[in-house]
1. Residues that are surrounded by 15 or more Cβ atoms within 10 Å (Cβ to Cβ) and basic (Lys, Arg), at least 1 per element: which strands (runs of 3 or more DSSP E) completely within the stretch 383-481 meet that?
2. Just for helices (runs of 4 or more DSSP H) wholly inside the stretch 200-310: which have at least 3 residues that are touching a residue at least 24 places away in the same chain (Cβ under 8 Å) and open to solvent by 20 Å² or more (accessible area, probe 1.4 Å)?
3. Report the residue count in the stretch 322-350 for those that are part of a loop (DSSP other than H, G, I, E, B) and under 14 Å from SER362 (Cβ atoms).
4. With the structure loaded, tell me whether THR83 is among the hydroxyl-bearing types (Ser, Thr, Tyr) and surrounded by 14 or more Cβ atoms within 10 Å (Cβ to Cβ) or whether it fails that test.
5. Quick one: would you say ARG43 is charged (D, E, K, R) and in contact with a strand residue (DSSP E or B) (Cβ under 7 Å, 6 or more places away or on another chain)?
6. Counting only residues that are open to solvent by 10 Å² or more (accessible area, probe 1.4 Å) and either within 12 Å of GLN214 (Cβ to Cβ) or in a helix (DSSP H, G or I) (or both), how many does the stretch 53-75 have?
7. For the stretch 99-141, enumerate the residues that are surrounded by fewer than 15 Cβ atoms within 10 Å (Cβ to Cβ) and not in a helix (DSSP H, G or I).
8. If you go through the stretch 1-41, how many residues are at pLDDT 95 or above, open to solvent by 20 Å² or more (accessible area, probe 1.4 Å) and within 24 Å of the chain's Cα centre (by Cα)?
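The values are calculated or read from the model by the stated rules, or taken from the named source; none is laboratory data. Just so we're clear, the structure is a prediction, and the values are computed from it rather than from any experiment. Here the Cβ positions follow ideal geometry from the backbone for every residue, glycine too, while neighbour counts run over all protein chains shown. To get the accessible areas, we keep the full protein, side chains included, count just its heavy atoms, and leave off ligands, DNA and RNA. Shrake-Rupley method; radii C 1.70, N 1.55, O 1.52, S 1.80 Å.
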Amino acid sequence: MTTTLSAEELAPQRDFICGAWSTPQNDLGADLTDPNTGAVLQRQLQTGTADVDRAVAAAAALHAAGTWRNTPVPTRIAVLRRTADLLAERAGDIARHDAINTGVVVSVTDLFAQGLSDAMCAAADHLQADPGDRDAAEPGRPVRLRRLPWGPVAVIAPWNAPSFIVAKKTAFALAAGAPVIAKPSNWAPASSALVAEAIQQAVAEAGLPPEIFQLVHGGREVGQQLAADPRVRALSFTGGRAAGVAVAHAAATDCKALQLELGSNNPAIVRADADIDATADALVAGFTKLNGQWCESPGSVAVVAARHAELIDALLDRLRAIPLGHSLDPEAVMGPQAHHDQYQHVSRAVAKLSAAGGVVHSVTRVPDAGFFHAPVVIDGAPTELAVDEIFGPVLTVHRVADDAEALALANSRSTGLAGYVFGTDLDEAMALGGELTCGEVKINGTSVLDLVPDSTQGFWGASGVGCHGDAELLQFFRGARIVGVDRPGLPI
């Protein structure tokens, strides 16, 4: 299938500040390109320092006035549900823009786009269940326990799931009663404007101030400005470790609430009793999903030596059958890497492991143009070099003697977002999975979705700060305040 996209068809980068749309002032000196062809689509733009300051000042003034946090809970819920409806109407356009900005095939970005409405409704449901105000009074002694927004919130989103992160984090911050300033990645800004339009319309229809939600653009400089501004009282960042650490340093000076979801080289353990066919299906689906560009992708496999050759053969059989294609092709299973820098990053990581003695298996046909990188299995690379997250379609495989050696290898990393265990004895697999130092461990599967509706997942080790269960996300944006008449006659 041949699909073309012109610069005019990609949504322009637009700031939404103080109720007005405008074009970001600064040129970042790099292009947004079509990853399927390498064709230039737009320049990357960045919001000016003064405009970012203006957005923060407006959010701080709105919070100080109490306009949004004191809006009745039923009204806040109605705004979220109306936004959900409007996002559902825009889902097709959002999916298409994300497919171009990220290289992820449209059949997958469409699932994420359809999930935006669910994220808004989930925030509304949690707010309805926990409005944040509880009367804890005793007779004659009033006491109120309240959970209130810390203050203005900054949401900094990554390029691999841009619309979903902006929508979900914003939804729960708005549910908490906080005004939000969102910044998408400079590599994937297009869909965020469509999300912003939906939020803007829902806010306007409710007769509320537009400063409840604002949108800015840019790279590291804008992220640092938001993180360092003391008027921003909570910040949620999803992205790479280096950028996350820089954000944490900037945010530390005023001790703002901080949620960091960073990267991870996620371990997978293949036990001696594993069903190799089912294991290979799950591992290949996992490390090629989102073109390998997702932070919970299985990255490094420990397999008992007796099953090693069988697993390698099964993995390669499945990789031969994967159709790589244009990210707007509904028949494609895997698309290109998001941009040239990302393609080069993956290529260098593979070359480094190959030079160190790893055997690189690459058996998937790749289109001639664009930033397509074949999924590769690297066998026998030194384990000390297979520690860092590659964030691409690369799976390293390592022989181990038994479960104990596999567990030691898996837990030797500093990161811990996700882990995977494969085995037919579920009790043994569950017990082994429970020893992995990861926030979420899946047995015999590698899906993106949560294990249960009320799931939570901690960011262990250097994978970040906090967690991302829905209930915890709402509480992250709120602080506790108890007000009441003191107990009489206390001894101290």
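1. 394-400, 440-443
2. 220-228, 276-288
3. Qualifying residue count, the stretch 322-350: 1.
4. yes
5. Considered against the rule, which asks whether it is charged (D, E, K, R) and in contact with a strand residue (DSSP E or B) (Cβ under 7 Å, 6 or more places away or on another chain), ARG43 comes out as yes.
6. 13
7. Selection gives ASP133, ARG134, ASP135, ALA136, ALA137, GLU138, PRO139, GLY140, ARG141.
8. Matching residues across the stretch 1-41 total 5.
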